[in-house]
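Working notes, beginning with the structure itself.
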């Protein structure tokens, strides 16, 4: 399959006929009542361009276009003169760094949402956010996806300072003592490394309960039968923990509530890059994200959490013009000069191409 970003001759499409089609299964029951089931989630637009052909020149133009598309093989753009303009059409805000153009057909309590995959570059598509002009986007006229270019806010992810361990008890639960104030809080997920003796606790991750400024428990870890701690070790709250609910450290992140954020630029735990997740703020420097990172690579350094327009707080719409992606719905066009002169113009059938 292929698609050519060329437009069917607009002077011919102007006189064509067509529109949306649905597929509904209707069963008449024994009591004469009906049971109706919608087969297609989306409407498919079908057209017959024969009504737009008025001259021999236009018919030859259709033949040339038909040859170049290899009949049904290649798709192309079609201007539906009955429906080609979007005016302040609401967009579905998801917290993603991109948004799909769409048109909403609302009547009464029902709305049909239609993806717009082929917006026109001219006149330029415009957007509004909360009724104000919004320009921080680039538009892909091939897919109808608008990519946001500037996040509303960002926060830099980084690991906490390494804390030197003085002792780890053989107890249930194990208690860790640091040589200086650790600054951890209950619920933090930490990694432990370079321990002398009690090698069973190396790595982690471990969720902790803080006892005081220099001691904390390793939740659920019974070290009674572990090798005795002999020396040293490091404890660190990594920028992103490996845990079923990831803990993130981003000093003065500035997030509030439960926004959806985008993660990028992370070194080490690269599996998390380009993922989106709702966060829960713990404090000004920490939050959790609803991503299971337990099997991800250990976080190394760097990373950015970015916040884009948010559902519930941001209302966005767009204005512009668009084409319909179609293909020929026939592999042959049969015409004769004499028939044409008598007004017998062949059917030129087009059908919408729905591809995600």
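Quick rundown of the values:
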quantity	calculated
Beta bridges by DSSP in the chain, antiparallel share as percent, to the nearest 5	95 percent
Descending Cα extents along the principal axes, the range 163-236, whole Å	27, 22, 18
Whole-number percent relative contact order across the range 241-307, with pairs defined as alpha carbons under 8 Å at least 6 apart	46 percent
Two-site FRET efficiency, residue 281 against residue 44, from Cβ-Cβ distance with R₀ of 41 Å, rounded to 0.05	0.35
Ranked 17, 36, 74, criterion: other C-beta atoms within 10 Å, fewest first	36, 17, 74
Least to most buried among 125, 266, 6 (fewest other Cβ within 10 Å first)	6, 125, 266
Rounded tilt (10° steps) of 56-68 against the dominant C-alpha axis of the chain	30 degrees
Calculated FRET value between residue 332 and residue 301, using beta carbons and R₀ = 51 Å, to 0.05	0.25
77, 102 arranged by Cβ crowding within 10 Å, fewest neighbours leading	102, 77
Per-residue [θ]222 nm for the chain (sum of -39500 (n - 2.57) over DSSP H runs n ≥ 4, rounded to 500)	-1500 deg cm²/dmol
Cα principal axis extents for the chain, largest first, Å	102, 55, 40
Relative contact order computed over the range 191-271 (Cα-Cα under 8 Å; 6+ residues apart), in percent	28 percent
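Quick note: the coordinates plus some simple rules give every number you see, no bench work behind them. Please read all numbers here as calculations on a predicted model, not as lab measurements. For neighbour counting, all protein chains shown are included, and Cβ atoms are generated from backbone atoms with ideal geometry for every residue, glycine included.
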